[in-house]
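First comes the structure, then the notes that go with it.
The values are calculated or read from the model by the stated rules, or taken from the named source; none is laboratory data. A quick note: this is a predicted structure, and the numbers were derived from the prediction, not measured. Here the Cβ is made from the backbone with ideal geometry for all residues, glycine too, and neighbour counts use every protein chain on show. Heavy atoms of the whole protein, side chains included, go into the accessibility calculation; ligands, DNA and RNA do not. Shrake-Rupley method; radii C 1.70, N 1.55, O 1.52, S 1.80 Å.
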Amino acid sequence: MKNIRTLLKPVGVFLAIFMFILSGPYQSAMAAMIGTEVVIDADRAQSAREYLNGFLAREDVRSALISQGINPQEAKIRIDSLTDEEAQRVADQLERLPAGGDFLVTFLVVIFLVFVILLVTDIAGYTDIFPFVKK
């Protein structure tokens, strides 16, 4: 029995030193539950950044930025430096903008064009809508 201890003592010391070397550089991991809101907010922020980068990749937007004197690469860097809340707010504002412009202006332009077309056809004698047009 004594012979076995003397033979295994260097092996035990070697294993103790080896275990100490293996556990030395590693720190213990801290685990916690991740809430659903955190995951959803991260996904929203990522999709907002993708939307903004896709919007910036459009050629008409790039040409508008260049015409305003803004470098598109600098704009991309600024989009990447936005916080998650800022990126979501900018993306929401861009999505809420009217696609065709102001409704009132569009309506007035259409009414004016209809008036001009009817006036020209009344002057040409095709219609008799306006009494102030003399034939």
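A few notes on this one:
- Per residue accessible area in Å² of segment 68-135, where ligands, DNA and RNA are left out and the probe is 1.4 Å: 84
- Other residues lying with their Cβ under 15 Å from the Cβ of E74 contribute a combined charge of +2, Lys and Arg counting +1, Asp and Glu -1.
- Degrees separating the helix 2-23 axis from the principal Cα axis of the chain, which is the longest one: 20
- The residues of segment 1-67 present an accessible area of 91 Å² per residue when probed at 1.4 Å with all protein chains retained.
- Computed lengthening from A31 to D92, 0.36 nm per intervening residue step minus Cα-Cα distance: 18.6 nm
- (1) 433; (2) 251; (3) 116, with the label sought being that of the calculated volume of the Cα convex hull per residue in Å³: (2)
- Carbon/sulfur fraction of accessible area - segment 1-126, other protein chains in place, 1.4 Å, %: 67
- Residue among S63, S47, S23 with the largest mean-square fluctuation in a Gaussian network model of the chain, springs linking Cα atoms under 10 Å: S23
- Sites V38 and F112 - FRET efficiency at Förster radius 41 Å, r taken between beta-carbons, to 0.05: 0.15
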